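Report on the structure given below.
The values are calculated or read from the model by the stated rules, or taken from the named source; none is laboratory data. Not measured: the values here are computed from a predicted model. Because the Cβ atoms are built from the backbone with ideal geometry, glycine has one as well, and the counts that use them run over all protein chains shown.
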């Protein structure tokens, strides 16, 4: 049976297990509604470093080490590393998890990089090219502001449509059937009824297309990314022959309040209504009192929310199946200054309860 499904999707013949994960965030995220759910919260956003970029590298390495520790693995047990961030030449990853010495695939999907890493990592595992992989991504508010907008000292004003880049990193250990059996049979730690269980399983993906609606406002990335999310959701439903009711939640990465409204309206125009079960990580991670404007964004936004909030819902049985869809705005300082539009992409990952 072909694993290719429809125009853009893959249905796995064998499930890929999320053995465990780690989440590390900054002070603002720690003070938010999900604060107590993260594995580690920094005492400050410097993470003991002298630059914002080094701080991001440090929190990314902390997330990777946390995921490995919770999986009772060492770096040498990982076949491949899939990693990326928002900075030029993916420097947060190079100077962060590069020191782990794992054979590495460097990725860039902007804020959708968590989805890209999970998609490619799960394909490697399901295809028999790796027994275990590690997927890591990160973002940092201050390093992202310097990279894409203005250094913090400039004190520029942010419109209400703008989002707040999450300071955080999420890491996920994926494994095949043999890795899962090894993980479950090791009784050195009691997790559930005398044995460990994987956090969830990945059963399919829909690869996103680059979608450009001609928008140029980098301070309204939710609106820029919503068309890409709508495109992937529509194609996913067609490829898998399902509708919104198939999922307990359809979760986008960082559309925020503005992008969420655009997404729902775009899909309603196409005869699809996801308003009852849509959720956005950028809306969940901050509350109204935190002055995040439209919500959270950045590579770390969807990654830490998946690890700390979404996976526990599957583990506890509150949900059985979600469509996880990080969203990414594919712009740079150069493209913006040359007057280019802001294209976007959104990969979809089917995650189910074990």
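Before moving on, here are some points about what is shown:
- In segment 232-246, of all residues being touching a helix residue (DSSP H, G or I) at 6+ places or on another chain (Cβ under 9 Å) and assigned to a helix (DSSP H, G or I), the one that is nearest to residue 113 (Cα to Cα) corresponds to 233.
- Condition check for residue 31: at pLDDT 95 or above and over 19 Å from residue 142 (Cβ atoms): no
- Flag for residue 4 being under 23 Å from residue 121 (Cα atoms), free of Cβ contacts under 8 Å to residues at least 24 places away in the same chain and in contact with a strand residue (DSSP E or B) (Cβ under 9 Å, 6 or more places away or on another chain): yes
Results for (1) farther than 17 Å from residue 168 by Cβ; (2) surrounded by fewer than 21 Cβ atoms within 10 Å (Cβ to Cβ); (3) over 18 Å from the mean Cα position of the chain (by Cα), shown as yes or no for each residue.
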| site | (1), (2), (3) |
| --- | --- |
| 16 | yes, no, no |
| 50 | yes, yes, yes |
| 65 | no, yes, no |
| 71 | yes, no, yes |
| 78 | yes, no, yes |
| 87 | no, no, no |
| 103 | yes, yes, yes |
| 113 | no, no, no |
| 122 | yes, no, no |
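- Those residues of segment 18-37 which are part of a loop (DSSP other than H, G, I, E, B) and buried (at least 24 other Cβ atoms within 10 Å of the Cβ), in sequence order: 26
- Any chance residue 217 is within 21 Å of the chain's Cα centre (by Cα), assigned to a loop (DSSP other than H, G, I, E, B) and assigned by TED's automatic domain parsing to the domain that holds residue 339: no
- Residue 305 vs. criteria touching a strand residue (DSSP E or B) at 6+ places or on another chain (Cβ under 6 Å) and modelled with pLDDT of 95 or more: no
- Looking at 42, 6, just one residue is closer than 30 Å to residue 237 by Cβ and either touching a helix residue (DSSP H, G or I) at 6+ places or on another chain (Cβ under 9 Å) or not assigned by TED's automatic domain parsing to the domain that holds residue 180 (or both), and that residue is 6.
- Of all residues making up segment 297-342, the number that are within 26 Å of residue 35 (Cβ to Cβ) and out of contact with any helix residue (DSSP H, G or I) (no Cβ under 9 Å at 6 or more places or on another chain): 6
- Taking segment 187-227 as the range and being at pLDDT below 90, more than 30 Å from residue 344 (Cβ to Cβ) and surrounded by 20 or more Cβ atoms within 10 Å (Cβ to Cβ) as the test, only 196 passes.
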